Amino acid sequence: KERSRIKKLFEKAELSASSYDTAWVASSTDRHDQVPCFPETLNWILENQHKDGSWDRTRNPNLLLKDSLSSTLACVLALKRWGVGDQHIHNALGFIGRNSGSLTDSSQQAPIGFDVVFPAMIQTCAQDFDLNLPLNSANLGAMFRNRDSILSSAAHHRSGGRDAFLAYISEGMGNSPDHWETARKFQRKNGSLFNSPSATAAAFMHLRDADSLGYLRSIVDVNSAAVPAIYPNGIQTQLSLIDAIESLGINRLFGEEIEQALDEIYTSWIQGDEEIFLDPTTCSMAFRILRLNRYPVSPDVFNRFTEDRFWDDTMEGYLKDEMAVLELHKASNVLYPNESILVHQQSWTNEFLMKSMESSPNSANRTRSRASESISTQVDDVLNYPFKGDLDRLAHRRNIEQYCTDNTRTLKSSFRCSSFGSEDLLKLAAADFNFCQSVHQKELNQLMSWLKEYKLEDMRLAKVKMGYCYFSAAATYYDPELSDARISWAKHSLLTSLIDDFYDIFGTAEEHLNLLELFERWDVNGPRAEFCTEEVKTFYWALHSAICETVENAFAWQGRNVMDHVVELWVDVLRTMLEEAEWSRTNTLPTLDEYMRNGYISFALGPIVLPSLYMVGPQLPDEVAKGPEVHHLFKVMSTCGRLLNDCRSFQREAEEGISNAVSLRMSQGIDTAEEAIEEIKGLIDEQTKELLRMVLDERNTSAVPKECRELFWKMNKVLHMVYKKEDTYNSTKLVQIAESVIKEPISLSVMDSRVI
């Protein structure tokens, strides 16, 4: 049921009527001020008053009383203008009087421009209609002093952002010719001011232009009398729906719908649609989602939202809109090499968000809607879980547990959209997470049985390491049908870890050489040489089992035998591990170039990632699997991993007399470890950008299927997560996050209690 209802949201997202905006449209007169331009809107107001005398009572009336008061007074003005609805007006004034204390309550959430527009509506009541509102003089005085202070401050701080804000709240700006001359500059191609029906209606009444009237007619025709708070808004609602689906981890269930929607959004992008490019929030979302879905989009669009231009020239900057800055920051994380505009954007947005969290972590004395709390949660999330190191399934779980089912948003009035806060999305995501987790638990049990069968369970934390190795697979490609790839990833990951310790610490030179020779002389039927020790024998048969199973499963996906390739990957790793062991035994100090040529292979991601490519869906021909593009992807990923490891382990390895990239760079003339590490981190950052560029391949030039390319990025995320704080398998935190993916289901009863 949930899935079918969600699919319908792609067809049309329902936007609630705004009585505030409908009232301003209803106030629009013909050229001679004789009759309403849109009588159907006036009829809607007469038919939709609530029993308490208000209009626009939301699901959170106690949080949005100012919104209800503003909408109610706007409706009163529309009715008075046309001399109808005396009883409606009487009831509305009663509601305003009973709730007038909220007008000056600073803890109440206020619509945008409320402190300017509401006093202006009070003046209209008195001057145009001789209507006295049931408000005490103290409240009136406080409101008008506050309004005058806001406008005085705006007058002394002229900027494009200020002008945009005042144009957006034009219905509160009176008859000033200067204002309307400035406001006209913000009129869009569709005739509106900021796609706002209320601002456009006010503009039409002062400017009497055909474009404004055409916009108002179109919105009334489309929406059958009552109008929404913003129109058009289709691109942003579609982006919000896709973003929610992807962030909850259920996008594979709506692949066709997402592709169709993004094709349409991309068409709007290349056509320069104002709904995208004049709004920093929508532009940022479109850029991020399109790029991550491999559409060719340029960051040049952010030239209009550079730091100075954002704060000086946009309404969002003038209002210090946290959501706009958050989306700009999230967009800046999806960057390629040499995109300096995104580097700077990442820096200044990060600084703003950090200060925002520090200055008002809880907004202790302010009543907050769940939507506002959700923004704060998202800010905290993006600062604490960097994009390049946030594993998919960890993010999905956090997003499910933090998901806000309040579908109310507030601009100049509150409104609801069926694409926001969908309860169906939450229920489907929680159920799907638990289903996938049940599959993962069975796979982990199989892996633990394999450990025991091949006598690995007591070998140097093997059981603990297996949990981590499997977690890295389940947290990145979690689809139930990818079981073969996860099993291969986990087994080879464990074996590379154990064998790396064997070559680094525990094994002898004879054992090292013996194990390598066994695989250089590979025979699927068994060894062609003797085992020099029981430990070599244990490693051989466990690895023989893992290779044969991987090859058998790969055959089912690819229809051919890939044994030679998988064995070759292991031989390469064993040779480079032996080389490093020889350096250690003979106290040989390699050059940095020698170390890295050997080290990106000895880091041993080849046997983990490359065989998995055969088991994620598409056909992968030999010439592609063993070709230069896959090798380059592998080399960039592995270089990042090696350098991340070396930065984190430098202190420990230096104490043990072991050389790594940091110490070798210092031997080339870098004075301190800190300087060497900073330089290497810069290289990691550039390599990570290059890897993302290759993986997304938005120009569609790659011969490697996208599902295969994604594995390199997924492993890169694992590496950044593991080496974020420490390079040890004994981290309590790592145990907790692994269990959150594999062992701890999301409580559906808790989810149900949050759906209100």
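A225 fails exactly one of the following numbered conditions: (1) open to solvent by 10 Å² or more (accessible area, probe 1.4 Å); (2) small (G, A, S); (3) touching a residue at least 40 places away in the same chain (Cβ under 8 Å); (4) over 29 Å from A17 (Cβ atoms). What is the number of that condition?
(4)
Run down S159, S176 and say which single residue is over 21 Å from T22 (Cα atoms), without any contact (Cβ under 8 Å) to a residue 24 or more places away in the chain and of a type outside the set (D, E).
Answer to the selection: S176.
Of everything in the range 723-747, what is aliphatic (A, V, I, L, M) and either open to solvent by less than 40 Å² (accessible area, probe 1.4 Å) or modelled with pLDDT of 90 or more (or both)? Give them in sequence order.
L734, I737, A738, V741, I742, I746 - these are the residues of the range 723-747 that are aliphatic (A, V, I, L, M) and either open to solvent by less than 40 Å² (accessible area, probe 1.4 Å) or modelled with pLDDT of 90 or more (or both).
Examine the range 700-711 for a residue that is open to solvent by 20 Å² or more (accessible area, probe 1.4 Å), farther than 19 Å from S612 by Cβ and of a type outside the set (K, R), and state whether such a residue exists.
Looking through the range 700-711, at least one residue is open to solvent by 20 Å² or more (accessible area, probe 1.4 Å), farther than 19 Å from S612 by Cβ and of a type outside the set (K, R).
Of the residues in the range 166-193, how many are open to solvent by 10 Å² or more (accessible area, probe 1.4 Å) and under 34 Å from the mean Cα position of the chain (by Cα)?
Residues in the range 166-193 being open to solvent by 10 Å² or more (accessible area, probe 1.4 Å) and under 34 Å from the mean Cα position of the chain (by Cα): 8 in total.
Suppose we keep only residues that are farther than 27 Å from D523 by Cα and hydroxyl-bearing (S, T, Y) within the range 549-599. Which one would you say is surrounded by the fewest Cβ atoms within 10 Å (Cβ to Cβ)?
Per the criteria, the residue is T586.
Quick one: how many residues across the range 290-322 are in a helix (DSSP H, G or I) and either closer than 20 Å to S159 by Cβ or open to solvent by 50 Å² or more (accessible area, probe 1.4 Å) (or both)?
18
Before we move on, is V755 touching a helix residue (DSSP H, G or I) at 6+ places or on another chain (Cβ under 8 Å), modelled with pLDDT under 90, among the hydrophobic types (A, V, I, L, M, F, W, C) and within 26 Å of N434 (Cβ to Cβ)?
In short, yes.
Only residues in the range 79-99 that are open to solvent by 60 Å² or more (accessible area, probe 1.4 Å) count as the first member; pair them with residues that are part of a helix (DSSP H, G or I), Cβ under 6 angstrom, at least 6 apart or cross-chain, and list the lot.
K80/F129
If you check A673 against the conditions, is it farther than 30 Å from S340 by Cβ and free of Cβ contacts under 8 Å to residues at least 24 places away in the same chain?
no
If the requirement is being basic (K, R) and over 19 Å from the mean Cα position of the chain (by Cα), which of these qualifies: R217, R252?
Sole residue among the options that is basic (K, R) and over 19 Å from the mean Cα position of the chain (by Cα): R217.
Given (1) part of a helix (DSSP H, G or I); (2) crowded, with 16+ Cβ neighbours inside 10 Å; (3) touching a residue at least 24 places away in the same chain (Cβ under 8 Å); (4) not acidic (D, E), identify the lone condition not met by Y336.
Tallying (1) part of a helix (DSSP H, G or I); (2) crowded, with 16+ Cβ neighbours inside 10 Å; (3) touching a residue at least 24 places away in the same chain (Cβ under 8 Å); (4) not acidic (D, E), Y336 fails exactly one: (1).
Considering only residues that are touching a residue at least 40 places away in the same chain (Cβ under 8 Å), under 20 Å from E568 (Cα atoms) and not in a loop (DSSP other than H, G, I, E, B), which ones fall in the range 500-537?
Once the filter is applied, which keeps residues that are touching a residue at least 40 places away in the same chain (Cβ under 8 Å), under 20 Å from E568 (Cα atoms) and not in a loop (DSSP other than H, G, I, E, B), the range 500-537 yields D500, Y503, H512, L513, L515, L516, F519, E520.
If the requirement is being modelled with pLDDT of 90 or more, farther than 23 Å from I242 by Cα and outside any loop (DSSP other than H, G, I, E, B), which of these qualifies: L328, L394, L353?
Of L328, L394, L353, the one residue that is modelled with pLDDT of 90 or more, farther than 23 Å from I242 by Cα and outside any loop (DSSP other than H, G, I, E, B) is L353.
If K7 satisfies all but one of (1) open to solvent by 70 Å² or more (accessible area, probe 1.4 Å); (2) under 18 Å from L77 (Cβ atoms), what's the number of the condition it fails?
(2)
Looking at the range 600-629, which of the residues that are polar (S, T, N, Q) and open to solvent by less than 60 Å² (accessible area, probe 1.4 Å) is farthest from I658 (Cα to Cα)?
S612
For the range 227-248, state whether one or more residues are within 18 Å of E316 (Cβ to Cβ), small (G, A, S) and touching a Leu at 6+ places or on another chain (Cβ under 8 Å).
yes
Which residues, counting only those in the range 205-222, are open to solvent by 10 Å² or more (accessible area, probe 1.4 Å) and not charged (D, E, K, R)?
M205, H206, L207, A210, L213, G214, S218, V222
Scan the range 561-608 residue by residue and report those that are without any contact (Cβ under 8 Å) to a residue 24 or more places away in the chain and assigned to a loop (DSSP other than H, G, I, E, B).
Passing the criteria: N561, T586, N587, T588.
The values are calculated or read from the model by the stated rules, or taken from the named source; none is laboratory data. Because the structure is a prediction, the values reported are computed rather than measured. When we count neighbours, we look across all protein chains shown, and the Cβ atoms used for this are built from the backbone with ideal geometry, even at glycine. To get the accessible areas, we keep the full protein, side chains included, count just its heavy atoms, and leave off ligands, DNA and RNA. Shrake-Rupley method; radii C 1.70, N 1.55, O 1.52, S 1.80 Å.
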